[in-house]
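The block underneath contains the structure these notes are about, expressed in structure tokens.
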């Protein structure tokens, strides 16, 4: 059945455009969100109450009278998100078509008031923005960085960029690495100058004959990888 057939018999919960032609996506969004009201301050909420703040729905787990949503959610733990919550990070397969409630983690400065819950969670650990009205998102774009799970004593501190490194090691000598040089000319016709030493540099890497070809060297140390982008929920 065509979409118009559905919109002609549907009634929006807010009674706007009731029983009239309306875009089906707009219609469904109002039907879904209409039953769950937006959070409001100075309101008495009971356990089990559901609200929406930004693009996220929340369930009340402790009875309280609301103050600011960011305090009620982050500090007082009155609300539990029903799905992803501001501050959570996901992997997105393309550079466009990012959901409206997410942003790429590219270090952008965004408004503290607009993205209040994300600001309450992140604070200024990734940058203070302009110092008063904005704060910075994490930035893995600038250096094409990988995200590493935090572990004390192994990883860098949370929110700290750790540069690439190679584990400390040595190379064993290979057979034939020493050399002997005889140079009679250095001490005249009857003299012999003998130098014994070791090779101080090596050539380009080559296969050991057992583990396949050696890949080309580059300007960075990296594992085999496939590029996607990280996005963070902000609303």
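Note on the range 120-155: among residues that are buried (at least 18 other Cβ atoms within 10 Å of the Cβ) and touching a helix residue (DSSP H, G or I) at 6+ places or on another chain (Cβ under 7 Å), the one that is nearest to residue 83 (Cα to Cα) is 120. Among the conditions (1) surrounded by 11 or more Cβ atoms within 10 Å (Cβ to Cβ); (2) within 28 Å of residue 141 (Cβ to Cβ); (3) modelled with pLDDT under 90, the only one that residue 110 does not satisfy is (3). Go through the range 91-105 and give me each residue that's in contact with a strand residue (DSSP E or B) (Cβ under 7 Å, 6 or more places away or on another chain) and either part of a loop (DSSP other than H, G, I, E, B) or at pLDDT below 90 (or both). Once the filter is applied, which keeps residues that are in contact with a strand residue (DSSP E or B) (Cβ under 7 Å, 6 or more places away or on another chain) and either part of a loop (DSSP other than H, G, I, E, B) or at pLDDT below 90 (or both), the range 91-105 yields 91, 92, 95, 98, 101, 105. Summed over the range 106-148, the residues that are touching a strand residue (DSSP E or B) at 6+ places or on another chain (Cβ under 8 Å), over 14 Å from residue 231 (Cα atoms) and assigned to a helix (DSSP H, G or I) give a count of 3.
Got a sec? Which of 216, 159, 186 is over 25 Å from residue 105 (Cβ atoms) and modelled with pLDDT of 65 or more?
Values: 159 fails: over 25 Å from residue 105 (Cβ atoms); 186 fails: modelled with pLDDT of 65 or more.
Just one listed residue meets the conditions, 216.
The values are calculated or read from the model by the stated rules, or taken from the named source; none is laboratory data. These numbers come from a predicted model, not from an experiment. A quick note on method: Cβ atoms are made from the backbone with ideal geometry, for glycine too, and the neighbour counts reach across all protein chains shown.
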